[in-house]
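Please read the structure below before turning to the comments.
The values are calculated or read from the model by the stated rules, or taken from the named source; none is laboratory data. Quick caveat: nothing in here was measured; it's all calculated off a predicted structure. Cβ placement follows ideal geometry from the backbone for every residue including glycine, while neighbour counts extend to all protein chains displayed. The accessibility values were calculated without ligands, DNA or RNA, using every heavy atom of the protein model including side chains. Shrake-Rupley method; radii C 1.70, N 1.55, O 1.52, S 1.80 Å.
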Amino acid sequence: MSDMTFDKMINQMTPAIYESLKQAVSLRKWPDGRYLTAEQTELCLEAVMRYEAENNVPEANRVGYLEQRTCGAGATGQGVSPEMAGLAKDASRD
């Protein structure tokens, strides 16, 4: 049995492995097409997030990053189209 721990794995993870795990989590499947189990998805996501934190990946490049549009205390929404503000036409009312 290997003495590889989760922490050691994160420390030895290469950028290529990080990108592969990030893609696997995003698509919910491995590069060979097999689907990730719920446990695999959870572990891969944790590994990706730990890698990002420990390697100072810019916030905008991190998994789960959402660009702030008009939400927040200082946001006025001025100059934002209704579609971008989430006020698009409701097609269910036609």
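Ranked from largest to smallest solvent-accessible area, with a 1.4 Å probe on the protein heavy atoms, Met9, Met49 come out as Met49, Met9.
Listed peptides 35-42, 59-66 appear in the order 35-42, 59-66 once ranked by packing, highest mean of other Cβ atoms within 10 Å at the front. Once the chain from Thr37 to Asn55 is taken as fully extended at 0.36 nm per residue, the excess over their C-alpha distance is 3.8 nm. For Lys29, the residues whose modelled amide H falls within less than 5 Å of its own, excluding neighbours fewer than 5 places apart on the same chain, are Leu36. Residue-normalised convex hull volume from the C-alpha trace of the stretch 3-69: 101 Å³ per residue. A 1.4 Å probe, protein heavy atoms only, puts the accessible area of Ser26 near 90 Å².
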